[in-house]
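K.L.:
First, the structure itself, so that you have it in front of you.
The values are calculated or read from the model by the stated rules, or taken from the named source; none is laboratory data. Here the structure is a predicted model, which is why all the values come from computation and not from measurement. Counting neighbours? That spans all protein chains shown, and the Cβs are built from the backbone with ideal geometry, glycine included.
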Amino acid sequence: MIRLQSDILSLDLIDPRDAQDRTKLGSRYCAGGYIWQVYDADGTPLLSGPQYPAAPSVFDGQGMPDMFETPLGGEDGAIGDQVCVIGVGLVEKSSGIVPFHPRNNPRVTEFCVWYVDNGDDWAIMTAGQRFGERSITIRREIRLQGGRVTSICTVFNIGKETVDLRWFTHPFFPINDDLICGKVSPMVSMPDNAGYELGNDGEIGMKPGYLWEKGLFQVLYVPMTKLRFTVPHPVAGSIDLKTDYDVVRCAVWGNLRAFSFEPFMQCAVKPGEDRSWEFYADFGAGFGFRRGI
C-alpha cells in the first residue's frame, strides 16, 4: 500500500505495481488511484465496503474505488477473446451479456502497467493502453490536503479513433444508527421502491423493514449538473462530496455494512484531445461532532 498523510487524515492507496496489492484487484475497478481506506488522526478507519470488515472479494472491494464501464475495445469479439478494460488491462470475454460490462467478465488475463510517483500527501499514477486504432494514456492523481481527499482523472487520446468514456466513483460509507444515507444537492427524487425513502427535507434513508443483507441498488432522478452529497458519518460527523462534472446518472446502493452514492460521468474524447474531471471528499471539520454507530 501507499500511505498518504495530512495533519488530519491518512489514507491507503493500492499500489498497482505490488504483487500482493494486485490480489485485491479484479476486472471491475480502476487499479490506479484506488483509495483502499481513509483514517482519522486516531487511526480509525472511515470507509466501509459490502463485506467490511471482512476481506472483500475483488468484485465488491472497499474504500473509495472507481471504474470505467465502457471498454477501450474488444467487446464485440467472441467468447474467450480479450477485451481491453480501461484502468484494468486485458479481460477475458466470458459472458455473452450485451452490452459488455466488466462485472460479468471477471477474469483479468493481463493487468496494465502503472508508473507511480508520490510524496507525503500526493500520488500520481499513469498507464498506457492500446487496442487496435484506439490508444490512451490514463493519469490518476490523489491529493490529501487537511480533511479533503481529491481524486483527479485525466484521459489523453493518443490514438486514431474517438474514445467513449463512462465512469463513476463508488465510495462506501458505514451505516448510521438512524439509517440515513444523506442528501443530494440540487434536490433529487426517486421512484417508489422496496428499500429507500426520501424525506420532505430531501434526506435519503434506508427503510428498517427491508432485508438489507441482500443489498439494494436504486437509480435516482437527478438534474444533469454538478452534484453535492452530504453524508452523515458515525465518526467524522459528516462528509461532503462534490463532483466538478455534470452527472449523467446517479444511484444509491446499500446493504447491512455499507452504502454508496454513484455519480456517473460520460464523454467522448477525440484523437489528440484529453478530458479531466475531479471528485472531492471533505471529511468532518476537526471531527468535532460524533454520532453513535
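K.L.:
Only one of these conditions is not met by L25: (1) under 16 Å from the mean Cα position of the chain (by Cα); (2) assigned to a strand (DSSP E or B). Which number is it?
P.N.:
Among (1) under 16 Å from the mean Cα position of the chain (by Cα); (2) assigned to a strand (DSSP E or B), the lone unmet condition for L25 is (2).
K.L.:
Give the number of residues within region 113-135 that are assigned to a strand (DSSP E or B), free of Cβ contacts under 8 Å to residues at least 40 places away in the same chain, in contact with a Lys or Arg (Cβ under 9 Å, 6 or more places away or on another chain) and not small (G, A, S).
P.N.:
Counting residues in region 113-135 that are assigned to a strand (DSSP E or B), free of Cβ contacts under 8 Å to residues at least 40 places away in the same chain, in contact with a Lys or Arg (Cβ under 9 Å, 6 or more places away or on another chain) and not small (G, A, S) gives 2.
Quick grid of which residues meet (1) under 15 Å from D15 (Cα atoms); (2) among the charged types (D, E, K, R); (3) free of Cβ contacts under 8 Å to residues at least 40 places away in the same chain:
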{"site": "P99", "(1), (2), (3)": "no, no, yes"}
{"site": "V108", "(1), (2), (3)": "no, no, no"}
{"site": "F111", "(1), (2), (3)": "yes, no, no"}
{"site": "T137", "(1), (2), (3)": "no, no, yes"}
{"site": "E141", "(1), (2), (3)": "yes, yes, no"}
{"site": "K160", "(1), (2), (3)": "no, yes, no"}
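K.L.:
Hey, can you tell me all the residues within region 142-196 that are closer than 27 Å to Y52 by Cα, surrounded by fewer than 19 Cβ atoms within 10 Å (Cβ to Cβ) and among the polar types (S, T, N, Q)?
P.N.:
Scanning region 142-196 gives Q145, T150, N193.
K.L.:
Look through V222, V235 and report the one residue that is more than 30 Å from I138 (Cβ to Cβ), among the β-branched types (V, I, T) and at pLDDT below 95.
P.N.:
On the way: V222 fails: more than 30 Å from I138 (Cβ to Cβ).
V235 is the lone residue from the list that is more than 30 Å from I138 (Cβ to Cβ), among the β-branched types (V, I, T) and at pLDDT below 95.
K.L.:
Take the conditions in contact (Cβ under 8 Å) with a residue 12 or more places away in the chain and more than 21 Å from the chain's Cα centre (by Cα) and apply them to G147. Does it pass? Let's see the steps before the verdict.
P.N.:
Values: in contact (Cβ under 8 Å) with a residue 12 or more places away in the chain: yes; more than 21 Å from the chain's Cα centre (by Cα): no.
No, not satisfied.
K.L.:
For region 13-57: of the residues being without any contact (Cβ under 8 Å) to a residue 40 or more places away in the chain and in contact with a Phe, Trp or Tyr (Cβ under 9 Å, 6 or more places away or on another chain), which is surrounded by the most Cβ atoms within 10 Å (Cβ to Cβ)?
P.N.:
Ranking the candidates gives I14 first.
K.L.:
So, in region 216-238, of the ones that are in contact with a Leu (Cβ under 8 Å, 6 or more places away or on another chain) and in contact (Cβ under 8 Å) with a residue 60 or more places away in the chain, which residue ends up farthest from F264 (Cα to Cα)?
P.N.:
V235
K.L.:
Shifting gears a bit: Return the residue satisfying two criteria in turn: it lies in region 177-227 and is part of a loop (DSSP other than H, G, I, E, B) and of a type in the set (K, R), and of such residues it is nearest to A251 (Cα to Cα).
P.N.:
Step one: list which residues in region 177-227 are part of a loop (DSSP other than H, G, I, E, B), which gives 177-179, 186-188, 190-195, 199-202, 207-211, 215, 222-227.
Narrowing further to those that are of a type in the set (K, R): 207, 226.
On the way: K207: 16, K226: 14 Å.
Only one residue tops the list, namely K226.
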